[in-house]
Amino acid sequence: MSKSRIKFLSVLLLINLFCLQNLYAFSPGLALPLSPNPPLVMPQNQIRAYTEEGSQLGVDPRLSGLIGAPISAAIGANYQPGVNAGTTAINAINNGLLRGAVSLGMEYATQKANLNPLLSSLTSRAITGAIEGALGGGNIFQGIFKGFTDSALNIARLGVSGNDAWSQAQYLQRVINFSDIIRQKGLAKALEDTATQILHEDSISSILKSFQTVGAFIQDQITNNKTTTVVKGGKNYNRIQLSNGQWIDLDEGKLNIDELKIGNQTERGTFGVDAYGNFGLLNGYKTDQLDATHTVRYDFAQGSAVNIQVNDADNRTLLEIAPKNGDNAIRYNANGELESYSIETFQSAKVFLEVQDGEILNYSYYQPLDPFEFVLPAQEKDGFGFSVTKNSNGTYTTERTFSNTFRQIFKAGFQGADPFTVDGIKKAITLMLPGQYVQQMNLNQLVDTAQAVKNRYDYFTSGGFGYTNNEALAWALYDTAGDIVGFTPLLEGIYGVDTQSGKLLTGGERALKIGVGAVTILGNVFGGAAILHKIGFVPKVGSVLQDASTSLRTINTQLGEVGAITLTDANFLSAQRTVRVYRVEGTPNTRLILGESGEMVIQGDKTLFLNFGSRARAEEFLAQKIAQGMPGATIKSFEVPKSFLDQMKAVAVPEARGTLNPGRPIIVDITKAPNQLGLRKEQIELLKKNIISDTYLEQ
Amino acid sequence: MFKQLTLPNYIFERMIGFSLPKRDKIIVISYEGIHELVLGAPVMVTHDTLHPEGGTLYDSQSRILSYDNDKFKIIGLHGGEPILQSNTGEKIHLDKQKQILRIVQNDSKVLLNFSYEDLSGDWNYATFSEDFKYVFLAIPYNLFIFQR
């Protein structure tokens, strides 16, 4: 199968600052105030200001314009000028993004871009989606919007938001069908009055060489039967041939325009003229040459775009923009930015993005592993992917689809190679992704990718996940494959957790992860991205998954089944992910009891020693205490959000410094097990609020 | 030879330190309080839970506990000065890796060979008492006392 590599699009999703406040709502301990009714779009003048600041700092103005972030804030607490961090980060962003989304995603995923110093400021604006139209170097979304407004009788051409259905209806009330104008004025006069809108200057010049007016030329065509007959769909039409292969097709009675072929554009349907004298399509379609190798087709209904397809030179559809589910038209705002719509791609991987008023409703990705999957029977189809869906309560739920390779590793491990080595990771990635991904990776990237797998494996086996070693390895490989494809950064950003370390991400980090992920996904689908112009639309991820703990518990592990299986997304649930907390105690040192209401109660406020996550260590302790004759020795346990543990670890001090820091948790037994903490009175109070109901166990 | 004294089956959950005996009495500081152990058969323990971690009575810098009108030098979390050799040349060998305590005479005769399980790993000390009558092995979760 020939694969035309298409220079195309990237999406850079930036969430706006106010959206970030929603994200913060799910990050305990972060202190941004919440805004109940966040405005969605940053004023253009602010974006401009940021662009200038970004330029002064050396960030490519196309980038900073896209991001619209307060780059000046980078000189604040999170950014240390003078230690090369800024230069490194800026260069990484510029070079990485301009070099192509694929490599940026790779570098970001493997922590080589050194982006951290700028994260909190550079991306503190929020997700923006921006599909860059680099088809042949052009800007496809600006081009598409212009093509739409040039031809459709839509209020957007007057600079009014295309979301304003009422205004569009009012506008249409004052649109006169061109057939009525022809009846009123006659064909010649009607065409003459709109000639400058319909015809190119070269055609008009050519006509005026022989006729005094365009109307006279048209009249001559009609009166002297100079039109030629063309048949379309079994019906005859009268074609007025213009210069350079252009034409106007009239219906059989010559009382209406059926089709125009002007330059590279073809328009066919019902035409009209609005109250401002603008000629355009009410219903019908338009095709145009987008660039040297790509064409676009618009379908219009009542002056609104109802479908837009971009096709390649072989007339294969690359992507399709359509109304979002429930809408009857693609909605633009007054700035020509797509606001409510869906985009579907039809390359080797399938991407579907649905946005409403700038917010992502659905974002899904599916990568078949066989390029000829479409001819395979259902039971032989194999691939992987993910989906993000906005719930009715504003939260998001994700699902991931796993390939057979993943399922095999999940059950039996990865055979024949050490996936933490370059050779091993090459084999693993080759099995999990289409071959071109590995071919694009250099040695350093492979080394870093292997390390990323190791980091994740260590994290997933560190307790709290309940994975077997094989399961942890499968997840580590899968998430790392997702780095390369782009969906892992995207999902990490949405869920607010780094799956290599379990670290909770700041709002800025989340925004950048989402942006990088989204860019990478589409960049990969379209064979790389040569980003960046300011684009089109501004989707945001509003709030973040809340039902995560439920999802974690309902994780579907039916990995032995045939076909694509979806699991809820355990690896990204860190903010809500739980960790089981163990304590071995007996009658003399009882601190945990079951209260009258059935909930666990903590007695006393002296330092409370807890073991976060290690069942094996708890059993060791129990064995020792039983051997020593401790009366009533038992293991008691309960669950807390992992974020609570992270908070405790973040402020804990070594035990020897505990006396001097009586208000801080202490870390103990560090050579024996991780996450062994002594909580002080203050943290015990916080713990009480974080104990997850109905998780208390005694055994 | 040394024999291990039997201690009550629970004294503390996690120890911060202990003192060398004075008049057969030692003091243990834990996160629960101050524990007074009178060495004998059996060992008697009195718990003072008003002073968890020694409270203001314990100065972790000097490792001195001022308690019961007396001052006790504490060995444990914040360091200490164990007595590793007796007046007759007996030496304490504490292998923290293998978790073995040995008391060896000058002529290399092993007077005590004691294996223990250290579930903490943070600190451990073994020391003679000042009168060399006792040997103490202390780790955060356990205290072992041996008497001649």
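The values are calculated or read from the model by the stated rules, or taken from the named source; none is laboratory data. Remember, predicted model here, so these are calculated numbers, not experimental data. No Cβ is skipped: glycine too gets one built from the backbone with ideal geometry, and neighbour counts run over all protein chains shown.
Annotations
- Conditions (1) surrounded by fewer than 20 Cβ atoms within 10 Å (Cβ to Cβ); (2) without any contact (Cβ under 8 Å) to a residue 40 or more places away in the chain; (3) not hydrophobic (A, V, I, L, M, F, W, C); number of the one not met by B:Gly54: (1)
- Positions within the range B:27-68 being polar (S, T, N, Q) and touching a Ser or Thr at 6+ places or on another chain (Cβ under 8 Å), in sequence order: B:Ser60
- Number of the condition not met by B:Asn87 [criteria: (1) more than 23 Å from B:Ser30 (Cβ to Cβ); (2) polar (S, T, N, Q); (3) within 14 Å of another protein chain (Cβ to nearest Cβ)]: (3)
- Considering B:Phe144, B:Phe114, B:Phe136, the condition of being assigned to a strand (DSSP E or B), within 14 Å of chain A (Cβ to nearest Cβ), closer than 17 Å to B:Phe2 by Cα and among the aromatic types (Phe, Trp, Tyr) is satisfied by B:Phe144 alone.
- The range A:591-620 - residue that is more than 9 Å from every other protein chain (Cβ to nearest Cβ) and in a helix (DSSP H, G or I) and, of those, surrounded by the fewest Cβ atoms within 10 Å (Cβ to Cβ): A:Ala616
- Of residues in the range A:290-344 being of a type in the set (Ser, Thr, Tyr) and surrounded by fewer than 23 Cβ atoms within 10 Å (Cβ to Cβ), the one modelled with the lowest pLDDT: A:Thr293
- Every residue from the range A:393-423 that is among the polar types (S, T, N, Q), at pLDDT 70 or above and part of a loop (DSSP other than H, G, I, E, B): A:Ser403, A:Gln415, A:Thr421
- Selection within the range A:398-419 - surrounded by fewer than 17 Cβ atoms within 10 Å (Cβ to Cβ) and under 23 Å from A:Asn442 (Cβ atoms): A:Ala417, A:Asp418
- Selected residue [more than 20 Å from A:Gly269 (Cβ to Cβ), among the basic types (Lys, Arg) and surrounded by fewer than 16 Cβ atoms within 10 Å (Cβ to Cβ)] from A:Lys226, A:Lys189, A:Lys232: A:Lys226
- Every residue from the range B:1-13 that is over 10 Å from B:Leu143 (Cα atoms) and surrounded by 22 or more Cβ atoms within 10 Å (Cβ to Cβ): B:Glu13
- A:Ile240 touching a helix residue (DSSP H, G or I) at 6+ places or on another chain (Cβ under 8 Å), assigned to a helix (DSSP H, G or I) and farther than 30 Å from A:Asp312 by Cβ: no
- Highlighted here are the helices (runs of 4 or more DSSP H) found entirely within the range A:174-216 that include at least 3 residues which are under 23 Å from A:Gln302 (Cα atoms) and in the same structural domain as A:Glu259 (by TED's automatic domain parsing): A:178-185, A:187-198.
- Every pair of residues 6+ apart whose Cβ atoms lie under 6 Å, when the first sits in the range A:687-699 and is touching a residue at least 60 places away in the same chain (Cβ under 8 Å) while the second is aromatic (Phe, Trp, Tyr): A:Ile691/A:Phe638; A:Thr695/A:Phe638; A:Tyr696/A:Phe638
- Flag if A:Gly277 is over 33 Å from the mean Cα position of the chain (by Cα), buried (at least 20 other Cβ atoms within 10 Å of the Cβ) and not polar (S, T, N, Q): no
- A:Ala623 passes every criterion in (1) loosely packed, with under 14 Cβ neighbours inside 10 Å; (2) more than 41 Å from the chain's Cα centre (by Cα); (3) more than 26 Å from A:Tyr459 (Cα to Cα) apart from (1).
- Considering residues of the range A:634-677 that are within 14 Å of another protein chain (Cβ to nearest Cβ) and part of a helix (DSSP H, G or I) only, the residue farthest from the chain's Cα centre (by Cα): A:Ala656
- Selection count where residues are under 20 Å from B:Tyr134 (Cβ atoms), more than 10 Å from chain A (Cβ to nearest Cβ) and surrounded by 15 or more Cβ atoms within 10 Å (Cβ to Cβ), scope the range B:30-51: 7
- Selection of strands (runs of 3 or more DSSP E) fully inside the range B:48-111 by the criterion of at least 2 residues being out of contact with any Lys or Arg (no Cβ under 7 Å at 6 or more places or on another chain) and within 24 Å of A:Lys606 (Cα to Cα) returns B:64-67, B:70-76.
- From the options A:Ala452, A:Ala474, A:Ala428, residue that is crowded, with 23+ Cβ neighbours inside 10 Å, modelled with pLDDT of 75 or more, closer than 27 Å to A:Asn362 by Cβ and not hydroxyl-bearing (Ser, Thr, Tyr): A:Ala474
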